[in-house]
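Note sheet for the following structure.
What follows draws every value from the coordinates through simple rules; no lab data is involved. Only a predicted model underlies this, so the values are computations on that prediction, with no experimental measurement involved. Positions of Cβ are backbone-derived with ideal geometry, glycine not excepted, and every protein chain shown enters the neighbour counts.
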Amino acid sequence: MTALHLIGDDGDTLLSYAELSRRSDQVALWLREIGVRRGDRVLLALHNVLPLWEAILAAIKLGAIIVPTYPNAPPADLADRVHRAGISHVLTESALTEGFADVPGGWTRICTGPPVAGWASYEDSYDVPEGPFVPEAATGADDPLFCSFTSGTTSKPKMVVHTHTSYPVGHLSSMYGNGVQPGDVHLNISAPGWAKHSWGSLFVPWNAEATLLVLSSPNAGGNPPGRRPLPGSMGRPMPGYEVIVAQPGSGTPAPPGIAGELCLDLVNRPAGMLSGYLGDGAKTAAAFAGGRYHTGDLVTQDETGDLHYAGRADDMFKSFDHRIAPLELEAVLLRHPAVRQAAVVPVPDPLGMWIPKAFVTLASGGEATGATALRLLTHTREDLPEEKSIRVIEFAEELPMTASGNIQRSVLGAERTLRGEEFRPA
C-alpha cells in the first residue's frame, strides 16, 4: 500500500509502507555511523522532499529529538534555534547551507542535493548496506520526540517538547477530527517546520493506514466528519480533550458567549499534551498552573459547544477600567474597505492608564490623511461601545510580521510607533 505520494515538478514519487520502513532503516544506520545518538537534537530544515520523511522516521528509530525548522528561516533565526535548542546535527538542502555559514557551534553538517564543502552528503546514506535497524536501547513512552518552536507572535519563540506518546498516540484525536480512514488519501499542505506539519503529515495519515499526498494547496479543518463547519467557529473539542473557558481573574467557567481563556483540564491529562517548554521552567509552570493547561487564547463558547476565537489573553488590557480585546477592535476596522491590515495595542494615557491605538495599512488607493482616519473612527464607533473606542490611529506602509505571517503585536506594543503620523479624535 502507498504510504507517501509526492507530486513534484519532476513527476510523482510513490513509496509503500514497506519501502519507507526499509529506507528509513538505512538512513538510521547511516546517521548512527556519522555520530547521531539517542537524545541528540537534530534540526531539520527541509522542504516537502522525500528526505524529510526518511529522516524523521530514522530519527524516531534512533531515539534522536527532531527540531523542525521552516526552510526559509533567516540566518538570525537559525542561529537562535541552533543555540537555544542545543543542536548537535543539522540536515538541510544544499541550496540552504549558506544560511548556516555564520552559525557557531560544533554541530554535524548534513545536506541533500549537490555536494557542499564541509557538509556530509545525504546521498552517502544510499551506500549503507540495507538491513534491519536495531536500536541501542529501548525508547520510553515519555522520551522527547519533537522540540518545535512557536511562531513568536507575542514573545520570543518558545520551544515546545512532545514525546513518543503525545504525538503518535495523542494525535489519534486529530486522525478522528480529520476523518481519515484506512486506504484514504490525506492531503495536508501545512509548511514544514511547524507543528501541524509534524503531526498532520505523519501520524494522522499513517496511524490510519492511509496515503499521505503532498501538494501545495489551501487547507481547512477543525470539524469532525459529518458535521457542517459553522462560519466563524473554531469547531468543537475533539475526543480526549476536556475544555474549560475560564473567566479572567476568578478562573471559573465562563457562561456561553462570555470570553475567557481556553484551558484544558488536566485531571484526565490528554495523551496529546506537550510535556513542557524546553529550558523554561517558569513558563512551563505558568502554563500548567492550577491543574489546567493555559493556552493563552481567548475564546467564547456558544450554547451548542462551538468555540469562537476572541484573541490572546496576553494581548488584553484595561482602559478606563474596561477590558479591551484587541482582536475585537481589529475585526471592526478590517470590515472597512479602506483597511488592508490592522493591529491594536495599548499605549499609555494619563487618565485611562492605557488606551487602544490602531496601526493601519490601507488598501490600494487609500490616502493616509486625517479625513481617512476620521472615517475609520466613525466606522468603528458604529459597532463598538464608547468604552472600547479606538483613541489613536497611525497609518503605516507595512506592519512587522512573523515568518508565519502573523502581525508582531509585541513589537508594536514595545515601540508604540512606526514613526508615522498619528491621528486622534478631537
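Would segment 57-125 count as rounded, prolate or oblate if I go by the C-alpha gyration tensor, calling it rounded below 1.5 in a/c and otherwise prolate when a/b exceeds b/c, oblate otherwise? Can you show the working numbers first?
Values: a/c = 1.62, a/b = 1.05, b/c = 1.54.
Verdict is oblate for segment 57-125.
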* Radius of gyration, Dmax [the chain; alpha carbons; angstrom] -> 24.0, 78
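Work out the length of the dipole vector of the chain about its Cα centre, built from +1 on the beta-carbon of each Lys and Arg and -1 on the beta-carbon of each Asp and Glu, and round it to the nearest 20 debye. All intermediate terms of the calculation are to be shown ahead of the outcome.
Working: 33 positive and 47 negative charges, 175 e Å.
Value, rounded to 20: 840 debye.
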* Asked: So between Glu422 and Asp9, what do we pick up on full extension, going 0.36 nm a residue minus the alpha carbon distance?
  -> 143.8 nm
* Asked: Given a cut-off of under 8 Å on Cα pairs at least six residues apart, what relative contact order in percent is computed for segment 46-132?
  -> 21 percent
* With θ set to phi - 60°, apply the Karplus curve 6.51 cos²θ - 1.76 cosθ + 1.60 along segment 408-414 and write out the HN-Hα couplings as whole Hz, x wherever there is a Gly or Pro. => 7, 5, 4, 5, 5, x, 6
* To do: Compute the distribution of all C-alpha to C-alpha distances in segment 1-108, in bins of 10 Å from 0, and list the percent of pairs in each, rounded to whole numbers.
  => 14, 43, 32, 10, 0
* To do: Across the chain, how many lysine pairs, 8 or more positions apart or on different chains, have C-alpha atoms separated by under 25 Å? Please give the number.
  => 12
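Just to be sure I follow: if Rg is taken over the C-alpha atoms of segment 316-423 and Rh is the Kirkwood radius over the same atoms, what is Rg/Rh? Let's see the in-between values first.
On the way: Rg = 12.9 Å, Rh = 13.9 Å.
Ratio of gyration radius to Kirkwood radius for segment 316-423: 0.93.
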* Asked: Roughly what % antiparallel, to the nearest 5, for the DSSP beta bridges in the chain?
  -> 65 percent
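Take the alpha carbon gyration tensor of segment 243-312, find the square roots of its eigenvalues, order them as a ≥ b ≥ c, and report rounded if a/c is under 1.5; if not, report prolate when a/b exceeds b/c, else oblate.
Details: a/c = 2.08, a/b = 1.78, b/c = 1.17.
Prolate, because a/c is 1.5 or more and a/b exceeds b/c.
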* Find how many whole Å separate the alpha carbon centroid of segment 243-280 from the alpha carbon centroid of segment 107-133. => 44 Å
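Let me have the relative contact order for segment 316-423, percent, based on Cα pairs under 8 Å that are six or more residues apart. Could you put the intermediate results ahead of the total?
Working: 176 pairs, mean separation 28.2, N = 108.
For segment 316-423, the relative contact order is 26 percent.
Equivalent-ellipsoid semi-axes (√(5λ), Cα gyration tensor) for segment 1-60, whole Å, largest first? Don't skip to the end; give the middle numbers.
On the way: eigenvalues 103, 38, 14 Å².
Square roots of five times the eigenvalues give 23, 14, 8 Å.
Compute the Cα gyration tensor for segment 2-214, then decide on rounded, prolate or oblate, letting a ≥ b ≥ c be the square roots of its eigenvalues: rounded whenever a/c is under 1.5, prolate when a/b is larger than b/c in the other cases, and oblate in all that remain.
Details: a/c = 1.36, a/b = 1.18, b/c = 1.15.
It is rounded, given that a/c, with a ≥ b ≥ c, falls under 1.5.
Note down the relative contact order for the chain as a percent, whole number, built from C-alpha pairs under 8 angstrom at least six residues apart. Present the calculation step by step, with values, prior to reporting the outcome.
Details: 815 pairs, mean separation 47.0, N = 426.
This gives 11 percent for the chain.
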* **Relative compactness, segment 37-94, computed as alpha-carbon Rg over 2.2 N^0.38 Å** => 1.06
* Among all helices in the chain defined by DSSP H, which have a length of 15 Å or more along the axis from Cα atoms plus a Kyte-Doolittle mean of at least -0.5? -> 50-62, 370-383
* For segment 330-397, give the share of DSSP beta bridges that are antiparallel, in percent and rounded to the nearest 5; count only bridges with both residues there. => 70 percent
* Pair Ser121, Thr295: separation of 7 Å Cα→Cβ label points (nm) -> 4.8 nm
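Over segment 78-172, what is the percentage of antiparallel beta bridges among all DSSP beta bridges, to the nearest 5?
On the way: 5 of 12 bridges.
Here the share of antiparallel DSSP bridges comes out near 40 percent.
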